[in-house]
Amino acid sequence: MSARPLYVQLADVIAGKIASGELAPDRPSPSENHLADKYGVARLTARRAAQELRERGLIVTVRGKGSFVAEQPPGHSREPGEPNT
């Protein structure tokens, strides 16, 4: 069991998918409901994970449209949990 909050662990999983290219820039990111169902977490946990990803600059949310994987600068590879600089 990790001492890191579950929402941070979930955000790290999604960040890894973004870094690997499995989730491509400018494409929709998984919805909170999808994350909750797929990973067996509460919707609030999925919502906090999405907020964490927004704070890291990995996804952007457009009101009325949804959340999308953000463009990452070339050579950008931040460690999971590392704050924006």
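No value in this document is a laboratory result; all are computed from the given coordinates. Here the structure is a predicted model, which is why all the values come from computation and not from measurement. In this analysis, Cβ positions are derived from the backbone assuming ideal geometry, glycine residues included, and neighbour counts consider all displayed protein chains.
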- If we count every other residue with Cβ under 10 angstrom of residue 68's Cβ, Lys/Arg +1 and Asp/Glu -1, where does the sum land? 0
- Query: Under 17 Å from the 7 Å Cα→Cβ point of residue 2, by amide nitrogen: which residues of the stretch 37-51?
  - Reply: 38-42, 45-51
- Applied in sequence order to the stretch 58-69, the curve 6.51 cos²θ - 1.76 cosθ + 1.60 (Karplus, θ = phi - 60°) yields integer Hz couplings, x standing for Gly and Pro, of 8, 10, 10, 10, 10, 4, x, 10, x, 10, 9, 5
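Would you mind getting me the FRET efficiency between residue 47 and residue 71? Use the beta-carbon distance for r and R0 = 35 Å, nearest 0.05. Let's see the in-between values first.
Numbers: r = 23 Å, r/R0 = 0.67.
The calculated FRET efficiency here is 0.90.
Sorted by average packing, counted as other Cβ atoms within 10 angstrom per residue and highest first, what order do 19-31, 2-14, 42-54 take? Walk me through the numbers on the way to the answer.
Details: 19-31: 13.3, 2-14: 16.2, 42-54: 18.5.
With the highest mean Cβ count within 10 Å placed first, the list reads 42-54, 2-14, 19-31.
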